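> So that we are looking at the same thing, I have put the structure below in structure tokens.
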Amino acid sequence: MKSVYKCIFLILCLLLYSCKNDNASAKQRESVADAESVELFDRLSGKAGEAYQYCVSEDINTDFCVLVDMMIPSGKYRFFVWDFNTQSIAHQYLVTHGTCDGSSVSPEMRKGVNFSNLSNSHCSSLGKYKIGKRDYSSWGINVKYWLHGQESTNNKAADRVVVLHSWEVIPDEEVHPIKIARSWGCPAVSNQAMRELDDLLKNKAKSTLLWIFN
């Protein structure tokens, strides 16, 4: 009988230990997630400060801007609408980056996430853009916005037809560690994301800043 009680006691101890470990793991995951969120917010907040100064100096929209952080994997949210008035993230979406498989890039550049301003590179281009005219797109919800690169790293965007548009294969929710589809350099978002962005952009009297960085 004593051996039976001893076995029951050992089983209860193991169950209690397992529960404690599960709770500790959950708390650890939560703390890691919180740390990542804090790090992301701090990073975006710093960029937003620079972005606001740029918007003021260029006399463009100072209500909000778009920040695209290419350090974040494609299966996670990395396209952020930053509200200058509340100093917070108003919207966040998935967004594509370029395949970099065009004729003007080397085989080495086709590995991983790379950037180029060359025509026929199919790469994303880093830098600040002014979001321009609303136009028809054959993709997604048939709406696109022209992007006008303001730096040497992206000033060929309009010539390359690198535009903001939607694509039905882009999910609305995060899918990490799965990667989403890649584009020929355009920052493409989901159809629902584009509907929301279109509501924000189409009636703005001034251009809005879109900044792609890593």
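The values are calculated or read from the model by the stated rules, or taken from the named source; none is laboratory data. Every value quoted in this text rests on a predicted model; they were computed, and no experiment measured them. Glycine also receives a Cβ, built like all others from the backbone with ideal geometry; neighbour counts cover every protein chain displayed. Only protein heavy atoms, including side chains, enter the accessible area calculation; ligands, DNA and RNA are left aside. Shrake-Rupley method; radii C 1.70, N 1.55, O 1.52, S 1.80 Å.
> With the requirement that a residue be out of contact with any His (no Cβ under 8 Å at 6 or more places or on another chain) and open to solvent by less than 50 Å² (accessible area, probe 1.4 Å), what does the stretch 69-79 give you?
Keep residues of the stretch 69-79 that are out of contact with any His (no Cβ under 8 Å at 6 or more places or on another chain), which gives 69, 71-72, 77-79.
The answer is 69, 72, 77, 78, 79.
> If the Cβ limit is 6 Å and pairs must be 6+ apart or interchain, which residue in the stretch 43-68 that is open to solvent by 40 Å² or more (accessible area, probe 1.4 Å) and in a helix (DSSP H, G or I) pairs with which residue that is aromatic (Phe, Trp, Tyr) and modelled with pLDDT of 95 or more?
52/84
> Does residue 92 count as over 27 Å from residue 123 (Cα atoms) and open to solvent by 40 Å² or more (accessible area, probe 1.4 Å)?
No; evaluated as a whole, the condition is false for this residue.
> Can I ask one more? Could you check the stretch 178-198 and list, in sequence order, the residues that are open to solvent by 50 Å² or more (accessible area, probe 1.4 Å) and over 26 Å from residue 50 (Cβ atoms)?
Answer for the stretch 178-198, where residues must be open to solvent by 50 Å² or more (accessible area, probe 1.4 Å) and over 26 Å from residue 50 (Cβ atoms): 178, 179, 182, 184, 192, 195.
> Name the pairs: first residue in the stretch 195-214 and of a type in the set (A, V, I, L, M, F, W, C), second residue part of a helix (DSSP H, G or I), Cβ to Cβ under 7 Å, at least 6 apart or on different chains?
Note: pairs meeting the criteria are 209/51; 209/54; 209/55; 211/47; 211/51; 213/47.
> Looking only at residues in the stretch 107-122 that are over 16 Å from the mean Cα position of the chain (by Cα) and open to solvent by less than 70 Å² (accessible area, probe 1.4 Å), which one is modelled with the lowest pLDDT?
112
> Determine, yes or no, whether residue 130 is in contact with a Phe, Trp or Tyr (Cβ under 8 Å, 6 or more places away or on another chain), among the basic types (Lys, Arg) and open to solvent by 20 Å² or more (accessible area, probe 1.4 Å).
For residue 130, the condition - in contact with a Phe, Trp or Tyr (Cβ under 8 Å, 6 or more places away or on another chain), among the basic types (Lys, Arg) and open to solvent by 20 Å² or more (accessible area, probe 1.4 Å) - is not met.
> Right, something else. Scan (1) at pLDDT 95 or above; (2) touching a Ser or Thr at 6+ places or on another chain (Cβ under 6 Å); (3) polar (S, T, N, Q) for the single condition residue 104 breaks and write down its number.
(1)
> Has the stretch 134-144 got any residue that is buried (at least 16 other Cβ atoms within 10 Å of the Cβ) and farther than 16 Å from residue 188 by Cα? Explain how you work it out, then say what you get.
Let us first name the residues in the stretch 134-144 that are buried (at least 16 other Cβ atoms within 10 Å of the Cβ), namely 134, 137, 139-141, 143-144.
So of that shortlist, the ones also farther than 16 Å from residue 188 by Cα come out as none.
Scanning the stretch 134-144 turns up no residue that is buried (at least 16 other Cβ atoms within 10 Å of the Cβ) and farther than 16 Å from residue 188 by Cα.
> Could you figure out which of (1) in a helix (DSSP H, G or I); (2) buried (at least 18 other Cβ atoms within 10 Å of the Cβ) isn't true of residue 82?
(1)
> I'm told residue 148 meets every condition in (1) open to solvent by less than 30 Å² (accessible area, probe 1.4 Å); (2) closer than 15 Å to residue 201 by Cβ; (3) not polar (S, T, N, Q) except one. Can you identify the failing condition by its number?
Exception for residue 148: condition (1).
> To continue, here is another question. Could you give every pair whose Cβ atoms fall below 9 Å, whose first residue belongs to the stretch 141-166 and is in contact (Cβ under 8 Å) with a residue 24 or more places away in the chain and of a type in the set (Lys, Arg), and whose second residue is open to solvent by 40 Å² or more (accessible area, probe 1.4 Å) and in a loop (DSSP other than H, G, I, E, B), counting only separations of at least 6 or pairs across chains?
Taking only residues 6 or more apart or on different chains, the pairs are 156/118; 156/119; 160/118; 160/119; 160/120; 160/184.
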